[in-house]
Each structure stands twice: as structure tokens, then as C-alpha cells.
Amino acid sequence: MEQAFPHAVIHEAFQACGHRCECTDPDCDHTSDAEGRCTQFLRLVGQGENAPNGWSVHRIDPDGPANISNCRILCTNCSKHAAAAT
């Protein structure tokens, strides 16, 4: 069973992403900046919300640990794309 991310890891990851989605998948339909990163701004209280500023936590390596180096923050739209791709 996959271990959930601790609250402290989620908070650190949210701060580190600058309150922006971290998706850089070129196949995702997000609006991108010059580096290909999604431009969606996220609200801290939006975790788990199915809303434009909502977001969720994803593992970079599905079998990896629940730590900051294996954590990324994705907006609702990019989260759905990532789930469909797996």
C-alpha cells in the first residue's frame, strides 16, 4: 500500500513550487510558460478541490518514498492528465 505524504512534506512542496503547478508534460493541455511549465496559480486551501485553483500531490516515482524529492504539486487539470497517462 502506498504511504501518504506527511503534512510537513506537502507544505514544503507547496512552498517550493511557488504556488504554481509543476507540470511540464508536453502532452498535457495546460497553458505553458516559456519553459513549458503549467502557469496555473494554486491556492493553499485548494488541496483536493476540483476547481481551477485546486491541486493535489503526486509521486514522481510511484514506488518511491513519501519525501520531498519524490513529490510534485499538480493543478486539478494536470492531475487528471497525469492520472489518465498512468
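The values are calculated or read from the model by the stated rules, or taken from the named source; none is laboratory data. Predicted model, so just to flag it, every value in this text is computed and none were measured. Don't worry about glycine lacking a Cβ; one is built from the backbone with ideal geometry, like all the others, and counts go over all protein chains shown.
Being charged (D, E, K, R) and touching a strand residue (DSSP E or B) at 6+ places or on another chain (Cβ under 7 Å) is the filter here, so list the residues in region 60-85 that pass it.
R72
Taking the listed residues F14, F5, the one that is surrounded by 11 or more Cβ atoms within 10 Å (Cβ to Cβ), in a helix (DSSP H, G or I) and aromatic (F, W, Y) is F14, with no other qualifying.
In the condition set (1) of a type outside the set (K, R); (2) in contact with a helix residue (DSSP H, G or I) (Cβ under 8 Å, 6 or more places away or on another chain); (3) in a loop (DSSP other than H, G, I, E, B), D63 is compliant with all but (2).
Could you go through region 4-19 and let me know if any residue there is modelled with pLDDT of 95 or more and under 11 Å from C78 (Cα atoms). No. From the residues in region 61-72 that are of a type outside the set (S, T, N, Q) and crowded, with 17+ Cβ neighbours inside 10 Å, which one is farthest from the chain's Cα centre (by Cα)? Among those residues, the one meeting the criterion is C71. For region 39-47, check the following and say yes or no: at least one residue is out of contact with any helix residue (DSSP H, G or I) (no Cβ under 7 Å at 6 or more places or on another chain) and hydroxyl-bearing (S, T, Y). Yes, region 39-47 has at least one match. Restricting attention to region 27-64, the residues that are of a type outside the set (D, E, K, R), out of contact with any Gly (no Cβ under 8 Å at 6 or more places or on another chain) and free of Cβ contacts under 8 Å to residues at least 24 places away in the same chain total 9. Taking the criterion of being assigned to a helix (DSSP H, G or I) and aliphatic (A, V, I, L, M), the only residue of region 66-81 that qualifies is I68. For region 28-60, the set of residues classified as closer than 13 Å to K80 by Cβ and either buried (at least 17 other Cβ atoms within 10 Å of the Cβ) or modelled with pLDDT of 95 or more (or both) consists of C28, H30, C38, Q40, G54, W55, S56, H58, listed by residue number.
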